[in-house]
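Enquirer: Handing you a structure now.
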2 protein chains.
Amino acid sequence: MTIREQALSAKKAAARLASVSTEVKNKALAAMAAALMEKKDEILAANAEDVKNARAKNIRESMIDRLTLNEKRLKEMSEGLLQVASLKDPVGEIISGTTLANGMTLTKIRVPLGVLGIIYEARPNVTSDAIGLALKSGNAVILKGGSEAILSNTAISGALADAAYSGGIPEGAVQFIKSTDRAAVKELITLTGLVDCVIPRGGAGLIRTVVENATVPVIETGVGVCHTFVDEGADYEKAVQIVLNAKCQRPSTCNALETLLVHEKAAKDFLPLMMQALKDNKVTAISDEGAFVYAPWGERATEEDWATEYGDLRLSVKIVKDVDEAIEHISRYGTKHSEAILTKNYDNARKFKQQVDAAVVYVNASTRFTDGFQFGFGAEIGISTQKLHARGPMALPELTSYKYLAEGDWIVRK
Amino acid sequence: MTIREQALSAKKAAARLASVSTEVKNKALAAMAAALMEKKDEILAANAEDVKNARAKNIRESMIDRLTLNEKRLKEMSEGLLQVASLKDPVGEIISGTTLANGMTLTKIRVPLGVLGIIYEARPNVTSDAIGLALKSGNAVILKGGSEAILSNTAISGALADAAYSGGIPEGAVQFIKSTDRAAVKELITLTGLVDCVIPRGGAGLIRTVVENATVPVIETGVGVCHTFVDEGADYEKAVQIVLNAKCQRPSTCNALETLLVHEKAAKDFLPLMMQALKDNKVTAISDEGAFVYAPWGERATEEDWATEYGDLRLSVKIVKDVDEAIEHISRYGTKHSEAILTKNYDNARKFKQQVDAAVVYVNASTRFTDGFQFGFGAEIGISTQKLHARGPMALPELTSYKYLAEGDWIVRK
């Protein structure tokens, strides 16, 4: 099948899937969870082959780690599908409604988006996560994974599609693009009228390619140059712990901290503690002139550093005059992802909450909380950094749209 | 100023506008309404010049009509701004919130989109509508109108921007692109990071150009190939009235009817009445084989007709076997705008409501009701035909996004 034929098949399935009951969808998800365990030998063998090929290409170890499956990871994927089954089905929710003066009842009801395109990189667990979330929210899905994981993804998506169709999901609802050609991405993101929304998950390069070339609607995800501003008079010891957590707990994630902003009047008391803690935790401080004196063992920041998502154990540090300069810096270099203020000052907290334009604005907490599971959504398909449609962690309701039902007693417009 | 400089200025203003109070915005809107009347001589003179130039270019009469302003139309524009002032401000609404197990309070609060780009054609009233709706919802706006209305739009946007800034709206929030060059559109829709959303308002060609070339998020509007299905056993006399209303009340609008689908068992009793009524109202019936025998004075439909938005007094007519075939036809040729069933059969109505995928699905009413004012929204910036972000008539809340405020007691992620 060509990619267009796959999309046509997905669109046809989506039309029927929109009215499949929650009961059927949940049973299918349970069957899919079981299928992953039943076919584990086959999936792990395919994955071993992918890993072997990746090693032969000298792909870097962190990517090999993301690519590698084992029994434990496969079990987590299977449990993830059961978890999705347990979530509330968003489809069919009556969002609001009214009766107009002319007697017409107007009902706003939640419906699936239709056909989702998910474009991702080397992590095979995204394959099962995305299929599970798409089907539960009544959407057909077309997957385009990274070429390194092609055998793993083929095995996983095949096993899940078979189990889904046996369980009552309309055939064609799960499409996996087998081509590893880059042109396949371009084709998928220009299928206007067939694909309702594309979500790229991956590095900045992938996301830029999709945003720049798509003609179908896109939800931009992921790039996070996140800041934490330590105000004058903050609890400096707790602030150290929050900064360490935001930077070090998992530095490769998009909600990890990249730039620390420090009030000039906090510098003298806070930065000695902070810089020592960073050093103890193997974090390289990349400082502006004022902060450098507290960490001369680190590096000096250039203009480029303020706009860089390191994704590793580097942290840029800058001293600012006040909360206004902090907000201004964030407005200039931030990516509208997650931004935090650590303060005891009510007015500054309020100003920061009001004026910082980001998906999540924190007071006295680590930016690492920006996550669908941490927020209690029970799932996450990605973190939106755009303002259209959905912002921040996206779970099931963010994969839906709505329609209006308008019912009248044989009425015409006057 | 270049277009990029205008966008930078708009972005700067948007950051401040986001926290301007409802009180200030409403006062500014009142000042803007007054300014339109105070500067009416200047605006009407500019418009007269536009109309003269358009006539010299032999532009068709329907477009001249849309272009022409007079005192009455200007007064309506002024009253429209006062009407927008009276609407509820969506910004700052607490959409939902919760306290998580770790004590973090999570608040989802409505915020402006930021910078809107509005691209439209010859109607100068869109200039004041768009500025009013954008400012009330806390957004800066960049306008790119049709070249035919350039003098009118320059005068209107100038008068409104002056009044807005005097009334406390941050300077730069209203940008009007003076270039009539087509390249200006291309530049506006690729200003990633500066423009948060572009809404094209106009014909299918304009919309296609924007969708295909934009790299910033777009809300697709307007194209409507709308259907009405007359079921077996419907109230045929009332059905005739609804079809006439949907087709004839204002044929150029996107919610006007383009294709009539008739149950094969309704044809014998319904179509003689319907075809006569169409003839009496100067509507040309463009029929399939089965329907043609009831209106041999009309034309025969080709495949192309089913996909055509006539926008005038033509109506394609097709006989279908049952509600399923009607739904299938709509799924194939519809544009997800407005679709109606006229029936007394409960099961068929329910099936149609569930299975038809459109912004508005009607039972026993005219498709002409798809409109922000008719729906009681008090305003309309356009009708979205995509599923992402907003669907159907868009008013103030559809011009907003949200952000999460996450407040903790100095907490870290475990």
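Enquirer: Given the condition under 18 Å from residue A:241 (Cα atoms), β-branched (Val, Ile, Thr), away from chain B (no Cβ under 11 Å) and not in a helix (DSSP H, G or I), answer yes or no: does some residue in region A:322-345 qualify?
Expert: No: zero hits.
Enquirer: Restricted to region B:165-222, and to residues that are in contact (Cβ under 8 Å) with a residue 12 or more places away in the chain and acidic (Asp, Glu), which residue is surrounded by the fewest Cβ atoms within 10 Å (Cβ to Cβ)?
Expert: That would be B:171.
Enquirer: Scan region A:163-183 and give yes if some residue there is in a helix (DSSP H, G or I), within 25 Å of residue A:63 (Cα to Cα) and touching a strand residue (DSSP E or B) at 6+ places or on another chain (Cβ under 9 Å), otherwise no. Full working, then the answer.
Expert: Taking region A:163-183 as the starting set, the residues that turn out to be in a helix (DSSP H, G or I) are A:163-166, A:183.
Next, from what is left, pick out any that are within 25 Å of residue A:63 (Cα to Cα): A:183.
Checking which are touching a strand residue (DSSP E or B) at 6+ places or on another chain (Cβ under 9 Å) leaves us with none.
No, region A:163-183 has no match at all.
Enquirer: Tell me which strands (runs of 3 or more DSSP E) are completely within region A:372-414 and hold 2 or more residues being at the interface with chain B (Cβ under 10 Å from one of its Cβ atoms), or say none if there are none.
Expert: Filter on region A:372-414 gives A:392-394, A:400-411.
Enquirer: Same structure again: Any idea which of (1) modelled with pLDDT under 95; (2) more than 23 Å from the chain's Cα centre (by Cα) is the one residue A:252 doesn't satisfy?
Expert: Going through (1) modelled with pLDDT under 95; (2) more than 23 Å from the chain's Cα centre (by Cα) one by one, residue A:252 breaks only (2).
Enquirer: State all residues of region B:296-345 that are buried (at least 22 other Cβ atoms within 10 Å of the Cβ) and small (Gly, Ala, Ser); if no residue qualifies, say none.
Expert: B:316, B:326, B:334, B:338, B:340, listed by residue number.
Enquirer: Scan the helices (runs of 4 or more DSSP H) fully inside region A:45-137 and keep the ones with 3 or more residues being crowded, with 19+ Cβ neighbours inside 10 Å and away from chain B (no Cβ under 14 Å).
Expert: A:71-86, A:125-136
Enquirer: State all residues of region B:145-164 that are surrounded by fewer than 24 Cβ atoms within 10 Å (Cβ to Cβ) and not small (Gly, Ala, Ser); if no residue qualifies, say none.
Expert: Once the filter is applied, which keeps residues that are surrounded by fewer than 24 Cβ atoms within 10 Å (Cβ to Cβ) and not small (Gly, Ala, Ser), region B:145-164 yields B:148, B:150, B:151, B:154, B:162.
Enquirer: Right, next: Which ones in region B:1-23 are aliphatic (A, V, I, L, M) and either farther than 20 Å from residue A:353 by Cβ or in contact with a helix residue (DSSP H, G or I) (Cβ under 7 Å, 6 or more places away or on another chain) (or both)?
Expert: Result: B:1, B:3, B:7, B:8, B:10, B:13, B:15.
Enquirer: So for region B:258-268 (the condition being under 27 Å from residue B:374 (Cβ atoms), within 14 Å of chain A (Cβ to nearest Cβ) and in contact (Cβ under 8 Å) with a residue 12 or more places away in the chain), does at least one residue qualify?
Expert: No, the conditions are met nowhere in region B:258-268.
Enquirer: Out of the residues in region A:357-371 that are polar (S, T, N, Q) and more than 7 Å from every other protein chain (Cβ to nearest Cβ), state the one that is nearest to residue A:344 (Cα to Cα).
Expert: So, considering only residues that are polar (S, T, N, Q) and more than 7 Å from every other protein chain (Cβ to nearest Cβ), the one nearest to residue A:344 (Cα to Cα) is A:367.
Enquirer: Checking the condition without any contact (Cβ under 8 Å) to a residue 24 or more places away in the chain and more than 20 Å from residue A:165 (Cβ to Cβ), which residue from A:100, A:67, A:87, A:44 passes?
Expert: Exactly one residue qualifies, and that residue is A:100.
The values are calculated or read from the model by the stated rules, or taken from the named source; none is laboratory data. Note that the structure is a prediction, hence the values are computed from the model and not measured. Every residue, glycine as well, gets a Cβ built from its backbone with ideal geometry; the counts of neighbours run over all protein chains shown.
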